[in-house]
Amino acid sequence: MLKLPCNGVDRVHLMSQCGFMGRPTSFFTGRSSVKGFRSTKAYPVQAVASAKDGAVVNRVEADIGSLANRLRLGSLSEDGLSYKEKFIVRSYEVGINKTATVETVANLLQEVGCNHAQIVGFSTDGFATTTTMRKYHLIWVTARMHIEVYKYPAWSDVVEIETWCQAEGRAGTRRDFIIKDYATNEVIGRATSKWVMMNEDTRRLQKVSDDVRDEFLVYCPRELRLAIPEENSNCLKKIPKLGDPAHNSRLGLMPRRSDLDMNQHVNNVAYIGWVPESMPQEIIDSYELQSITLDYRRECQQNDIVDSLTSVEALEGAEVVPELKSTNGSGKAMDDKQERQQFLHLLRLSNEGLEINRGRTEWRKKAAR
Amino acid sequence: MVAAAAAFFPVTSSLPDSGGNKIGAGNANLGGLKSKHVSAGLQVKANAHAPPKINGTKVSTSVENYKHEDVLPSSQSSRTFINQLPDWSMLLAAITTIFLAAEKQWMMLDWKPRRSDMLIDPFGIGKIVQDGLVFSENFSIRSYEIGADRTASIDTIMNHLQETALNHVKTAGLLGDGFGSTPEMCKKNLIWVVARMQVVVDRYPTWGDVVHVETWVSASGKNGMRRDWLLRDYNTGEILTRASSVWVMMNKHTRKLSKIPEEVRGEIGSYFVESAPILEEDDRKLAKLDDSTADYIRSGLSPRWSDLDVNQHVNNVKYIGWILESAPQSILESHELCAMTLEYRRECGKDSVLQSLISVYDAGVGNLAQSGRIECQHLLRLEDGAEIVRGRTKWRPKPVNHFDIANQVPAGST
C-alpha cells in the first residue's frame, strides 16, 4: 500500500523521540498565516513523507530547543501516530456557566490539530498541505465537525488533548480528538472531524489519488481508531434540513474582524458561536451543550449576513409533543423538565437563503448549583 | 534543581501533583522564595535550589563542568565521601569553589534563567514575587490568538492582562468570587469596576513568542485602585507593552460608587505598591462623538453567548473588538495600534445592540501609504445613545515584516 520505503517509519520514531521538537525553520515564515488554519481549508494532519523527508527531519532537528517549543506542552506519542498537548483554561475563555465555552474547546482542538500538523512537517502556510497536494493545487476543507463535552473544564483547569488522523474512504480524512482532565485523567470530551480535498482554483471537491493519499497515510494509525466508536452516535447521523418555518431564529448576524482568517474567510469556530444564537433563553439558562455536530456546506465571507435558525428535534423514542411543532419563535412550549433536549440548526446567508451549515445540538440539564 | 530537570520533560511528567488547584498551590511555594533583584522586576529563583544539592568531594572534581542545569549526584557521592577520611581543608575549598561558581552562574543568568523558572511553572499559573507585591506570569501565544496581521491581536494582549490580574488576586488569597472581589467586598456586595484603561504597545508578540507579564496594584486617589502591567518578551527582556488601569468600587446592586471600607482596606492595603504609574496618564479629555462628527459608524453589533461572563455582562475586552469594527480596513492594513486610552461608562448585556463610531485625525485616509501616525477617537454606544466606552487610539505604520516576503511555501519544499 505504501509506496514509501520502510524507513519512513524509522524516521517517525526518530522524530517522536525528540520530545519537544523544533519547528521546521520555514515554519516561522508561514506561521504568519496561522489564521488560515482556522478556515475551512485548514489543518489537519499528515506528514510530508515524501522522498524528501530526510530533509524534513534535518530541518526539524535543527530547531530543537527553541524555547517556545519546549514550553509547548505537547509532543508526538511513542509511535509517532498521535499528538498530545496540555492546555490551561484561562479566565477569559470561561462563559456564563463558569466553565469553558464550547468555542474555547473548539479553539483548543484547532490549536492541537495545528500543532500536530506542524510538528510532523506539514506546510506552514496555514493550509497544512503536502508537497503533492500543492502540486495539484489541493487544499483541505472541513466537511463535518462533531464535538461532545461531558464535563466542561473550569478556569485554571488543565486539559490534555490527544489527536490523530486517518483516511476516511477514498476521498476524505478524519481527525479525532480525546479531551481529558489532566488532573483526574478522566475523559471529559471527544471530537471527530471530517475533511475532504478541494481544488483551490476550481473550488470543487476532488477525489484523492493514491500518491497524495499515501503521502499522508504514513502518519496515521493503520488500524481504525475512533474517538467515538459508538455506532448510534450523533457524529454519524445525517442532519436533515429544518422544517419551514423554524421554531426560533436570529437574523442579521455579522462576522467580526476577529472571526476572519488570513484569507478573509470566517473560521470554523465562529459558526459554532452563531448556532446557539437562535436558541431560546430558557434552554441556555437551564441546559448545557452536550454535543454539537456541524455539516459545512458553503463558505462565509466578511460582508455576508447570516441567519441562525433552530428547531426542536424529537429525541429517538421520545414522544413528540404536538404543540412544539407549531411553536413559532417563543419556545415556551418546550418542556424543560426533560433531561435531554435536541435541536436542529441551520445557518444561511441572509440574502439568498443559501445554506452555510447544518447542525444538530444535544443539551443536558445543568446540575443544580 | 531536580525539580527543574524533571520539569524539562513534563510529558513524562514528574510534575508536582498536577491538579488544577494543586499546581497553583505548588507554585505558591516557589513564590515564597525571596528574589534577588538583578534589575527592576527580574528575579532569579529556581537556582535557589542549587546550593543545597551540591554535595561532597565527588562534586569537587567536576566543579569545572558544573552547569546549573545538571542534576548533581547526591546520595552516591556522600556515601563515597563518608567512606573516606574527610579532608576538611579540601572540602572547604571545594565548597567555596562551588558556591563561587554558583554565584557566578547566578549573576550571569540575568534574564536567562527564566527558562528553568518557566519550566517549573509550565501551566503558567504565575507567581507572586518581590515580597508579594508583584505577580508575574508567562504566556505563550496560541495560534487562534493571532490576528489577521500575523501577530497577537490587541484582544489577546488585553485578555492576558485580565488573566494576570485575576491570578494575582487569586494567588494572593484574595479572590472572593472569581471577579477580583475580596471576601469582605463580597459580604458588602461591592465589586471593582474598571473606569479607565491605557495601553501602549511597543511591539506585538507573534506566534511562538513567550510573554512575561508582571502586574501590581497601587492606590488611586482615596478610593480607587490602579493596576499596572508590564509585558516583556521572555527571551530578550524587551518591553512589549505597558498598561495601566484605574478601578473604582461600586455596590453591585445599587450601582452606586462606594468608598473603600476599612475591612477591605485591611485586606488589600498591604498589597498596594508605592510606585509611579507605568504610563504617564493620558488625561486629555475624550470627546463624545455623534453621528455628525463621526467619520464611520458600524451598527448592529451584538454580543454572542461566548462574550458574556457569569453575570451575563459582556466582558470588557470585547468592547475593544467592537471599537475597532468601525475602523476602515485601509487603516488596519497599513497601520498597527500603538496606544489606546479607554473610559468605561456603562456595561451591556446579551440583548444590547451597539454602534461603533470612529473619527480619524492626522492623516488623509486616502493617502495612508504616505502618512505617519494616525489618531482616532471612538465611541461605543447602544442604539438609544447610551455610552458604553469612549476611546482614543494611536496608530503607527506597520513595521516592515519579513514574513510578507517569505510567506510562500516554495513548491517542492516541505
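The values are calculated or read from the model by the stated rules, or taken from the named source; none is laboratory data. Predicted model only: the values in this text are computed from it and were never measured. Backbone-built Cβ (ideal geometry, glycine too); neighbour counts: all protein chains shown.
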Taking the conditions exactly as written (under 24 Å from residue A:85 (Cα atoms), without any contact (Cβ under 8 Å) to a residue 12 or more places away in the chain and surrounded by fewer than 22 Cβ atoms within 10 Å (Cβ to Cβ)), does residue A:222 satisfy them or not?
yes
Take the residues in region A:328-369 that are crowded, with 18+ Cβ neighbours inside 10 Å and assigned to a loop (DSSP other than H, G, I, E, B); name whichever of them is modelled with the highest pLDDT.
A:334
Checked region B:152-166 for anything without any contact (Cβ under 8 Å) to a residue 60 or more places away in the chain and either out of contact with any Pro (no Cβ under 9 Å at 6 or more places or on another chain) or buried (at least 24 other Cβ atoms within 10 Å of the Cβ) (or both); matches are B:152, B:153, B:163, B:166
Say we look at region B:282-341 and pick out the residues that are free of Cβ contacts under 8 Å to residues at least 60 places away in the same chain and of a type in the set (Ser, Thr, Tyr); which of these is surrounded by the most Cβ atoms within 10 Å (Cβ to Cβ)?
B:326
Single unsatisfied condition, residue A:239 versus (1) within 30 Å of residue A:118 (Cα to Cα); (2) at pLDDT 85 or above:
(1)
Could you list, in sequence order, all residues of region B:362-396 that are assigned to a strand (DSSP E or B) and either of a type in the set (Ser, Thr, Tyr) or at pLDDT below 90 (or both)?
B:393
Being within 22 Å of residue B:249 (Cα to Cα) and not in a strand (DSSP E or B) is the filter here, so list the residues in region B:191-221 that pass it.
B:221
The listed residue being more than 21 Å from residue B:390 (Cβ to Cβ), within 14 Å of chain A (Cβ to nearest Cβ) and free of Cβ contacts under 8 Å to residues at least 60 places away in the same chain, out of B:209, B:233, B:228:
B:233
Tell me which residues, restricted to region A:136-153, are at pLDDT below 95 and either over 12 Å from the mean Cα position of the chain (by Cα) or among the aromatic types (Phe, Trp, Tyr) (or both).
A:136, A:137, A:138, A:139, A:140
Set B:238, B:274: member being out of contact with any helix residue (DSSP H, G or I) (no Cβ under 9 Å at 6 or more places or on another chain) and at pLDDT 90 or above:
B:238
Can you find even one residue in region A:222-233 that is among the basic types (Lys, Arg) and either more than 11 Å from every other protein chain (Cβ to nearest Cβ) or part of a helix (DSSP H, G or I) (or both)?
yes
Which pairs have Cβ atoms under 7 Å, sit 6 or more apart or on different chains, and link a residue in region A:281-299 that is not assigned by the TED database to the domain that holds residue A:190 and assigned to a helix (DSSP H, G or I) to one that is among the basic types (Lys, Arg) and surrounded by fewer than 18 Cβ atoms within 10 Å (Cβ to Cβ)?
A:286/A:365; A:286/A:366
Output the residues belonging to region B:175-205 that are touching a strand residue (DSSP E or B) at 6+ places or on another chain (Cβ under 7 Å), of a type outside the set (A, V, I, L, M, F, W, C) and more than 23 Å from residue B:348 (Cα to Cα).
B:202, B:203, B:204, B:205
Can you find a residue that is touching a helix residue (DSSP H, G or I) at 6+ places or on another chain (Cβ under 6 Å), at pLDDT 85 or above and not aliphatic (A, V, I, L, M) anywhere in region B:207-226?
yes
Does residue A:184 qualify as being assigned to a loop (DSSP other than H, G, I, E, B) and farther than 18 Å from residue A:221 by Cα?
yes
Checking residue B:354 against (1) closer than 30 Å to residue A:253 by Cβ; (2) modelled with pLDDT under 75; (3) within 14 Å of chain A (Cβ to nearest Cβ), which test does it fail?
(2)
Read through the list (1) within 12 Å of chain B (Cβ to nearest Cβ); (2) crowded, with 24+ Cβ neighbours inside 10 Å; (3) not aromatic (Phe, Trp, Tyr), then give the number of the only condition that residue A:163 fails.
(1)
When the residues of region A:92-121 are narrowed to those that are in a loop (DSSP other than H, G, I, E, B), facing chain B (nearest Cβ under 8 Å) and in contact with a helix residue (DSSP H, G or I) (Cβ under 9 Å, 6 or more places away or on another chain), which ends up modelled with the highest pLDDT?
A:101
Conditions (1) more than 18 Å from residue B:169 (Cα to Cα); (2) in contact with a Ser or Thr (Cβ under 9 Å, 6 or more places away or on another chain); (3) crowded, with 19+ Cβ neighbours inside 10 Å -> residue B:251 fails only (3)
